[in-house]
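Everything below concerns the one structure shown next.
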Amino acid sequence: MKGKLSLLLGGLLASGLAVAESTPPGFNTPIPSSIMTPDSVETSIGRLNFFDGIPDQKTVEAVYDNLDRMRATEAFLEMVPMASVEALRVGMESIGIDAANKVMLYDGLMDSNSLFLTGNTDTVYAIGLLNLERDGPTVVEIPPGAGPGTVNDAYFRFVIDMGGPGPDRGKGGKYLILPPGYEGAVPEGYFTAESTSYINWLPLRGLLQGGKTDAPNKMWKEGLKIYPLSQKDNPPKMEFISGTGLVVNTIHANDETFFEEVNDVIQREPLSFLDDELRGTLGSIGMEKGKAFNPDARMRAILKDAVAIANATARAIAFRSRSDGVKIFGDDSVWYSAFDGFNYLWLRSDGAGGRNKDARTMFYYIATVNTPAMVLELPGIGSQYALAASDSKGAKNFWSVVVYDPQTRSMLQTNQPYPSKNDQRDRDMVVNADGSITLWFGPEAPKGQEANWIQTVPNKSWFTILRLYGPLEPWFKREWKPGNIELVN
């Protein structure tokens, strides 16, 4: 054993893993070089200078600016979900959605006038906004036949599903949404969920029938009811405000005013709304509940720089992902998923790898609504999505393809108010001999393919999303996949 131990120590010394043999000036014993700081270090933020390990003033200023920039950049990336819900709140209130019984109804479908993150032209949206601080526990009565619907909190976290994927399973029912920390009596007869925030976003979808909006509009106007529980005996009459054709912005800022949007939420919502880590990120840039957010000139310049970097980072993550977790069909397909890792909680390896922050940023930078139904295999019930942001060189209910503007992440604005195609509404599309359908994208329609054409804008980028409503087994087993987008000329 003594011989083996001697041999092992000799190997360690030979490989350079042993403690340094020399004793630096000012020390009495050998000091490992790995724990020492040189007098000068070249880094990506410039030369950093030290006197015996203590940074000089120029270095102190440089590293603190860099630290604040890092924290502000991280704050943007982490708070995109919250800023997005806040932008939805502000946009909806700007058109009069200021009470529980007021709903934004896209009775003529959503068109490209709405600045709305990857909204679609293929379902009748009925969108409510709950304020549980103002109204207390709130009832949502869902009519039978409703499509996928969801309640999300002010950080876009899942609260409960409604309609097809919800506990009513499309049969309709009464839901009760409780405010955070609610301690009162909870009545029976409701599907009940407690939110972590006061503001909650309520997107509901009605599926077209025969390609028409008549049935879902009738369903919402006659069957949807939203009211405070305290008014259950005499609920106020519903008011439906048409969103079709309205010019309305529901998208968060991409400049330094982003932080003002976030601060508004922090001041309104309860302290428990965010955990210590997320609040710590905001606190590091001077944002704290109950205190004024008033950065000085130095910090404002850093915030402006950080947002520019963070916005570019979010766009790289969203449109040019480096993660294999977004691939749906492998390397030979341009189609990818907005759910990196296919986990709606953004967890790696079911939590063993922690929170996948890039996955969270990717989704919320281009999309809205978080629900398990978007990733769970629910044949014939849920919905599935696939994105394509480059060509090949770089259902039970129906499918749709919508084209979007990468700047606004909203529908591309062209001469077509509805830049989309779906197999239920667009019954005149040309069908190939094998039953497939070829879609054409470009500024002008190819001759004879007008019915299959989605208009784009010359010298302007675009991306597209394929949606499957009620996807069937071939999708989940990857036995069916869309073709790549091919450059024709």
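Read the figures in this text as sums done on the coordinates, not as results from a lab. Small disclaimer: the values here were computed from a predicted structure and weren't measured. Cβ: placed from backbone, ideal geometry, glycine included. Neighbour counts: every protein chain shown.
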Worksheet item: Can you run phi through the Karplus equation (6.51, -1.76, 1.60; θ = phi - 60°) for segment 85-97 and list ³J(HN,Hα) in whole Hz, with x for Gly and Pro?
Response: 5, 4, 5, 4, 4, 4, x, 5, 5, 5, 10, x, 7
Worksheet item: Using a simple charge model, +1 on the beta-carbon of Lys and Arg, -1 on the beta-carbon of Asp and Glu, nothing else, what dipole does segment 96-245 show about its Cα centre, in debye to the nearest 20?
Response: 300 debye
Response to the item:
When the charge dipole of segment 32-84 is computed with +1 on Lys and Arg Cβ and -1 on Asp and Glu Cβ about the Cα centre, the Cα farthest towards its positive end, among Asn49, Tyr64, Pro32, belongs to Tyr64
Worksheet entry | Likely footprinting exposure, Val375, Val60, fewest C-beta neighbours within 10 Å first | Val60, Val375
Worksheet item: Under a Cβ-Cβ cut-off of 14 Å, what is the net charge of the residues other than Asp405 that fall near it, where Lys and Arg count +1 and Asp and Glu count -1?
Response: +2
Worksheet item: Using only helices, what value at 222 nm comes out for the chain when you add -39,500 (n - 2.57) per DSSP H run of length 4 or more and divide by the total residues, to the nearest 500 deg cm²/dmol?
Response: -8000 deg cm²/dmol
Discussion item. Using the Karplus curve 6.51 cos²θ - 1.76 cosθ + 1.60 with θ = phi - 60°, what ³J(HN,Hα) values do you get for each residue of segment 333-341, in whole Hz, with x for Gly and Pro?
Written reply: 10, 7, 7, 9, 9, 6, 9, 4, x
Discussion item. From the phi angles alone, apply the Karplus equation (6.51, -1.76, 1.60; θ = phi - 60°) to segment 433-446 and give each ³J(HN,Hα) in whole Hz, x where the residue is Gly or Pro.
Written reply: 4, 8, x, 7, 10, 9, 9, 10, 10, x, x, 10, 6, x
Worksheet item: In segment 414-489, which trypsin sites (Lys or Arg not before Pro) are in a loop and have at most 16 other Cβ atoms within 10 Å, using DSSP for the loop call?
Response: Arg427, Lys447, Lys460, Lys477, Arg478
Practice prompt. Would you pull out the residues with amide H under 5 Å of Thr438's amide H, same chain only if 5 or more places away, H placed 1.01 Å from N?
Written response: Asn432
Item to complete: Report the one residue of Asn484, Ile97, Phe258 whose Cα lies farthest in the direction of the positive end of the charge dipole of the chain (charges on C-beta: Lys and Arg +1, Asp and Glu -1; origin at the Cα centre).
Response: Asn484
Worksheet entry | segment 140-262 shape via C-alpha gyration tensor axes, a/c threshold 1.5 | oblate
Worksheet item: So what is the relative contact order of segment 96-245, in percent, for Cα pairs below 8 Å that sit 6 or more residues apart?
Response: 35 percent
Worksheet item: Which of Asn370, Ile285, Asn432 sits closest to the plus end of the dipole of the chain, meaning its Cα is farthest towards the positive end, when Lys and Arg get +1 and Asp and Glu get -1 on the C-beta?
Response: Asn432
Discussion item. Can you tell me which lysines have their Cα less than 27 Å from the Cα of Lys218? Leave out same-chain residues fewer than eight positions away.
Written reply: Lys102, Lys171, Lys174, Lys232, Lys237, Lys396, Lys421
Worksheet item: To the nearest 20 debye, what charge dipole does the chain have about its Cα centre, counting +1 at the Cβ of each Lys and Arg and -1 at the Cβ of each Asp and Glu?
Response: 780 debye
Response to the item:
For Lys327, counting only aspartates and glutamates whose alpha-carbon sits under 12 Å away and dropping same-chain residues fewer than eight positions off, the answer is Asp340
Worksheet, complete the sentence: Footprinting proxy, Leu130, Leu345, Leu207: sorted fewest to most Cβ within 10 Å, the residues are Leu345, Leu207, Leu130
Worksheet item: What ranking do Thr368, Thr438, Thr313 get, fewest neighbouring Cβ atoms within 10 angstrom at the top?
Response: Thr438, Thr313, Thr368
